[in-house]
Amino acid sequence: MTDETWGQVCNQLQKAVGQNNYTTWIAPLEPVGLSDGIASFHAPTKFMRDWVSRNFAEPILRELRHAGVIVERIEILVLKHRPANAAPAPTHASAPPARKIVSNLDAPLPSAPLDGRFTFDSFVVGKPNELAHAAAKRVAEGGPVSFNPLFLYGGVGLGKTHLMHAIAHDLRQQRPDLRVLYLSAEQFMYRFVQALRDKQIMDFKEMFRSIDVLMVDDVQFIAGKESTQEEFFHTFNALVDQGKQIVISADRAPGEIKDLEERIKSRLSCGLVVDLHPTDYELRLGILQTKTENYRTEYPGLQIAPGVLEFLAHRITSNVRILEGALTRLFAYASLIGREITLDLAQECLKDQLRQSERKVTVEEILRKVAEHYNVRLSDLVGPKRMRAIARPRQVAMFLSKSLTTRSLPDIGRRFGGRDHTTIMHGIRKIEELRASDSQLAEDIDMLRRLLES
Ligand code: ADP
Ligand code: MG
């Protein structure tokens, strides 16, 4: 952190805490360094240290972050054994000597903080994420680079950040010799802008080029930000040329990120591009079971009635973050009121989440999936043909339309090529009847339902 940055932070703090507080508590602080996400300050007395830590740590942290400093916490040290004749601790007003964090190979990397819970152990593997998991594991071994970059993409809350942190945790443990840097694209931009402003762009470049494994999360953030993209591109190339591993995540495939330069898209696509698919029922259930096991220590008396986790896995389909949130809420609620977690309790406690996650399936989607599944033409499903190979899938689609949408029978009829509502009713009855005896049909319907609801 440079004096200039600190000066800027001080200006903001003055506004945030008021002039008096600022003069008394903040101005006497002397910034002495920033490493490993810890910003250190000297305070003239122990009392001052305690007071500032208790009352101003938060605003200081907040303003540091606003100024683009990557910092996890602050630390205040008391200057001990100050010789009697020494000058008083310099205040900000008297401009302390320039101090900057020089990036050299021994300096700890300014990695963004890692979430200790995001490990491979706590990552549940299922069909939708098994490739991403396997690729991440490979990178985490720290062996020779076999694909570069590893590009992970997928919707929000599907585990991209979790996997990247897991790679960093493993590498730090098993290959402490490697310089591993994890940060978000946003943080990359802040550091770049800060380096430009502080005229430390050479330090910036040198630092980024000294990394063995670089992980940049949510790279879509730099789309449209021209000079940041440019710098990212050069950093990227320099590292790839040196055979250093790069891991990137984004919310969509490289080619689909708008306002990203073509040459960057193509560089990003030339390694291994892996997509994290939306969760399926089995994965959601697996995650719920794992998390429940973990909660057992926190809530020793925890009782869960059979079927509750299955119910949640079935009904909360949006993403893992929301699924986790629901489970946490449910446990907290049950332990608060001291009751066993039953289906009723879950429904009561998660009313809002359940309503929100009711996905709106459309008749068109149903027709499309059913046509695909039975390998018939969509136009035939809504057309007049009456042979069994088409009539049966059509009835299945009618049945699903009634049970998965809120459409009325006449409305459904219109979407099935203008059929009468009695025809729709007849189709639905037929399937209800057959389903009880035809296990293949029952299975087909279950599968289609799951497909449509996930
Ligand atoms: P993303 O970065 O893709 O938006 P995160 O990695 O932040 O998603 O994941 C959101 C939350 O869901 C995190 O708490 C994470 O631990 C959890 N999560 C996601 N996928 C899994 C998984 N397969 N197993 C266990 N937890 C998961
Ligand atoms: Mg993320």
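Ranked by Cβ crowding within 10 angstrom, fewest neighbours first, how are MET387, MET215, MET425 ordered? Present the calculation step by step, with values, prior to reporting the outcome.
On the way: MET387 8, MET215 28, MET425 15.
With the sparsest Cβ surroundings first, the list reads MET387, MET425, MET215.
Quick one: helix 281-298 against the long Cα principal axis of the chain, what's the angle to the nearest 10°, folded into 0 to 90?
With rounding to tens, the tilt is 50 degrees.
Which of the aspartates and glutamates could a cross-linker bridge to LYS351, judged by Cα under 18 Å and excluding same-chain residues fewer than eight apart?
Cα-Cα hits under 18 Å: GLU310, GLU324, GLU340.
Once the Cα atoms of helix 3-17 and of the chain are each reduced to a long axis, what angle between those two axes, in degrees from 0 to 90 to the nearest 10, is obtained?
70 degrees
In nm, what is the difference between 0.36 nm times the number of residues separating ILE201 and ARG117 and their Cα-Cα distance? Spell out each step's value before the answer.
Working: separation 84, 0.36 × 84 = 30.24 nm, distance 3.42 nm.
Length difference between fully extended and current span is 26.8 nm.
With charges set only on the Cβ (+1 for Lys and Arg, -1 for Asp and Glu), what does the dipole of region 127-275 come to about its Cα centre, in debye to the nearest 20?
Values: 19 positive and 21 negative charges, 43 e Å.
That gives region 127-275 a dipole magnitude of about 200 debye.
Using alpha-carbon positions, what is the distance between the centroids of region 116-158 and region 216-266, in Å?
Centre-to-centre (Cα) distance: 19 Å.
Please give every one of the aspartates and glutamates within straight-line cross-link reach of LYS137, meaning a C-alpha to C-alpha distance under 13 Å, and leave out same-chain neighbours fewer than 8 residues apart.
Partners within reach: ASP121, ASP170.
Only four residue types carry charge here, +1 at the Cβ of Lys and Arg and -1 at the Cβ of Asp and Glu. Report the dipole size of the chain about the Cα centre in Debye, rounded to the nearest 20. Walk me through the numbers on the way to the answer.
On the way: 60 positive and 57 negative charges, 205 e Å.
With Lys and Arg at +1 and Asp and Glu at -1, about 980 debye.
If you place +1 on the Cβ of every Lys and Arg, -1 on the Cβ of every Asp and Glu, and leave all else neutral, what size is the dipole of region 194-239 about its Cα centre, to the nearest 20 Debye?
140 debye
Can you give me the angle between helix 160-174 and the longest principal axis of the chain, using Cα atoms only, in degrees from 0 to 90, rounded to the nearest 10?
50 degrees
Once the dipole of the chain is set up with Lys and Arg at +1 and Asp and Glu at -1 on Cβ about the Cα centre, which of SER379, ILE445, VAL69 lies farthest towards its positive end?
SER379
Counting other beta carbons within 10 Å of each residue's own, what order do TRP6, TRP25 fall into, fewest first?
Numbers: TRP6 24, TRP25 18.
Listing TRP6, TRP25 from fewest to most nearby Cβ atoms yields TRP25, TRP6.
Cross-link candidates for LYS430: which aspartates and glutamates have Cα within less than 12 Å, leaving aside residues fewer than 8 places away along the same chain?
Those aspartates and glutamates meeting the cut-off are ASP438.
Counting each DSSP H run of 4 or more residues in the chain as -39500 (n - 2.57), what helix-only mean residue ellipticity at 222 nm follows after dividing by all residues, to the nearest 500 deg cm²/dmol? List each step's numbers first, then the result.
On the way: 19 runs with 238 residues, N = 454.
Calculated at 222 nm, the ellipticity per residue is -16500 deg cm²/dmol.
Quote the relative contact order of the chain in percent (integer), defining contacts as alpha-carbon pairs under 8 Å separated by 6+ residues.
Details: 632 pairs, mean separation 53.5, N = 454.
Taking the mean separation of contacting Cα pairs over the length of the chain, I get 12 percent.
Along the charge dipole of the chain, Cβ charges K/R +1 and D/E -1, which of VAL139, PRO254, MET398 sits furthest on the positive end?
Checked the options; the winner is MET398.
Put +1 on the Cβ of every Lys and Arg and -1 on every Asp and Glu Cβ in the chain; which of CYS270, PRO176, HIS234 then has its Cα farthest towards the positive end of the dipole?
After comparing all options, I get CYS270.
Describe numerically, in nm with one decimal, the distance between label points set 7 Å from Cα along Cα→Cβ at GLU141 and at LEU79.
According to this spin-label approximation, the distance is 5.4 nm.
Under the 0.36 nm per residue contour assumption, what length would be gained going from the current alpha-carbon distance of ALA332 and ASP177 to full extension?
Working: separation 155, 0.36 × 155 = 55.80 nm, distance 4.20 nm.
Computed gain between ALA332 and ASP177 is 51.6 nm.
List the relative contact order of region 5-47 as a percent without decimals, with contacts defined as Cα pairs under 8 Å and 6+ residues apart. Write out the running numbers ahead of the final one.
Details: 27 pairs, mean separation 11.2, N = 43.
About 26 percent, as a whole number.
Which shape class, rounded, prolate or oblate, goes with the chain when its Cα gyration tensor gives a ≥ b ≥ c as root eigenvalues, a/c under 1.5 marks rounded, and past that a/b bigger than b/c marks prolate?
On the way: a/c = 2.71, a/b = 1.97, b/c = 1.38.
Taking the square roots of the gyration eigenvalues as a ≥ b ≥ c, the chain is prolate.
None of the figures in this text is laboratory data; all of them are computed from the coordinates on show. Please read these numbers as outputs of a predicted model, since none were measured by experiment. Neighbour counts run over all protein chains shown; Cβ positions are idealised from the backbone, glycine included.
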